[in-house]
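Derivation of every value follows stated rules applied to the coordinates shown; laboratory data play no part. All values reported here derive from a predicted model rather than from experimental measurement. Cβ atoms come from the backbone with ideal geometry, glycine included; neighbour counts cover every protein chain shown.
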Amino acid sequence: MSVKRIQAHVDSLLVANQVNGDYEAKDPKMIEYLKKTKELLQGFQEAKVVHIPRGQNKKADALSKLASVAFDHLAKEVRVETIGQPSILEKTVGNVETYGYSWMAPIIRYLQEGVVPEGKQEARRLRIKVLQYEMINGALYRKSYLGPSLKCIDYEEAEYIIREIHEGICGMHMGAKMVAARAMGAVYYWPAMFLSALREIRKCDSCQIFAPVTRKPKLNLMQVSSSRPFRKWGIDIVGPFPEGSGKAKFLMVAIDYFSKWVEAKPLVTITGQQVKRFVWENIVCRFGIPHTIVSDNGKQFEGGVF
């Protein structure tokens with residue numbers, strides 16, 4: 001047609017701004033269409049893409065409806081082009097053998113092609129291992145003594161199966177052993193089934209929130225006994241609390257193991273000198289007898305010496 005200058009009217013503000021360079025295309029298909037459009041616009045000396053407002057979009061709206069009507073009644077001067085396929089060519093991706101990057105690759109290669117890895121130890125280990133497997137209709141199966149053969153799957157499929165068994169439509173949020181047993185009951189197999197199930201179950205938020213909490217202490221309880229009153233004391237520091245009178249926010253408490261006698265004193269700060277003074281004033285000088293102080297970690301101090 002020998003057209004040198006062209007002005008295209010579009011009803012999409014996004015397309016107009018992307019062609020004019022005001023917007024950036026991020027969608028992969030939009031990027032391909034934008035490249036194709038710029039290649040076509042390079043064939044003109046001057047090209048401009050203008051956005052049409054909604055009020056002035058009657059002609060463009062009429063043209064957009066031509067695809068849904070018959071073309072027999074149209075005049076000969078009206079040119080209509082029907083595009084049967086996208087302007088951009090779809091990228092073709094070749095088939096990739098997924099087993100090449102999975103744990104099944106050496107076993108499948110040995111059963112189909114007789115290929116063994118380098119090294120006598122690895123080759124011997126593989127020959128012993130493949131005795132447990134067989135190929136059925138191009139798929140790898142693990143032999144079973146008391147049941148049907150188990151279909152071998154890779155770890156990505158195993159994660160999906162674990163999630164379906166654990167928290168799917170019929171999932172009961174079972175433990176790792178039960179999930180692995182259910183997977184084997186569904187004739188699936190992959191190495192380290194229990195560890196894989198345990199790893200996936202630990203990602204379940206519901207199991208982490210509503211799992212039973214063990215109340216058993218981590219260490220055995222240590223019994224502390226005393227032969228007579230005021231012979232053995234337990235001392236601890238509590239706080240910080242909101243500031244009280246004299247800006248005191250800590251509390252030092254001592255209790256006698258025999259009589260349960262309590263001595264307490266509020267403190268502003270906690271220092272070694274403060275602890276020694278508390279022991280001297282409230283225990284040693286007050287009761288005037290030999291004593292043993294037991295800290296919260298079970299360590300004993302004879303005669304008030306820290």
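What to note about this one:
- Backbone geometry of segment 241-255 corresponds, through the Karplus equation with coefficients 6.51, -1.76 and 1.60 at θ = phi - 60°, to 3J(HN,Hα) couplings of 9, x, 4, x, 5, x, 6, 6, 9, 10, 9, 9, 10, 10, 9 Hz, x marking Gly and Pro.
- Computed E for LYS249/SER225 - FRET, C-beta separation, R0 35 angstrom, nearest 0.05: 0.55
- Rounded to two decimals, the Cα radius of gyration of segment 98-143 over 2.2 N^0.38 Å is 1.09.
- Order of ARG163, ARG127 - criterion: other Cβ atoms within 10 Å of each residue's Cβ, fewest first: ARG127, ARG163
- Sites ARG215 and ILE169, calculated FRET efficiency, Cβ-Cβ separation with R0 25 Å, nearest 0.05: 0.15
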